[in-house]
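**Q** Next up is a structure, given as structure tokens.
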Amino acid sequence: SIASADMDLNQLEAFLTAQTKKQGGITSDQAAVIAKFWKNHRIKIHESLINQSRWDNVLKNMNWRVDLKSQSRYIDQINTPVAIVEMELGKHGQ
């Protein structure tokens, strides 16, 4: 919960206080250890979560256009817009 919410120190303190007051929750000593760990490793944990959620491929380039039909067998298909999208994917960091 702490990592997914990327809690700041005030949010962390409120969360841990609530956890110590819950029946079957954590002790004050455990809360202190968790708080110290989070303060020391928050940036590393956040970056790790971002890297785990990132796809391998990234968008390198994108081209698009909208075409309109000017001729058709059926009159209701004339001037019907059609979007054409071209996306170039590449590996992250390359």
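The values are calculated or read from the model by the stated rules, or taken from the named source; none is laboratory data. These numbers were taken from a predicted model, which means no experiment stands behind them. All Cβ positions, even for glycine, are placed from backbone atoms using ideal geometry, and neighbour counts span all protein chains on display. To get the accessible areas, we keep the full protein, side chains included, count just its heavy atoms, and leave off ligands, DNA and RNA. Shrake-Rupley method; radii C 1.70, N 1.55, O 1.52, S 1.80 Å.
**Q** When only residues in the stretch 24-69 that are part of a loop (DSSP other than H, G, I, E, B) and at pLDDT below 85 count, which is nearest to the chain's Cα centre (by Cα)?
**A** Out of the qualifying residues, it is ARG54.
**Q** Let me ask something else about it. Scan the stretch 55-69 and give yes if some residue there is closer than 24 Å to ALA3 by Cα, open to solvent by 70 Å² or more (accessible area, probe 1.4 Å) and among the charged types (D, E, K, R), otherwise no.
**A** Checked the stretch 55-69: at least one residue is closer than 24 Å to ALA3 by Cα, open to solvent by 70 Å² or more (accessible area, probe 1.4 Å) and among the charged types (D, E, K, R).
**Q** Quick check on my filter: what residues within the stretch 11-48 are closer than 14 Å to SER1 by Cα, open to solvent by 90 Å² or more (accessible area, probe 1.4 Å) and in contact (Cβ under 8 Å) with a residue 12 or more places away in the chain?
**A** GLU13
**Q** Pairs under 7 Å by beta carbon, first residue outside the structural domain of VAL82 (by the TED database) and aliphatic (A, V, I, L, M) in the stretch 49-65, partner assigned to a helix (DSSP H, G or I) and surrounded by 10 or more Cβ atoms within 10 Å (Cβ to Cβ), six or more apart or different chains?
**A** LEU49/ALA3
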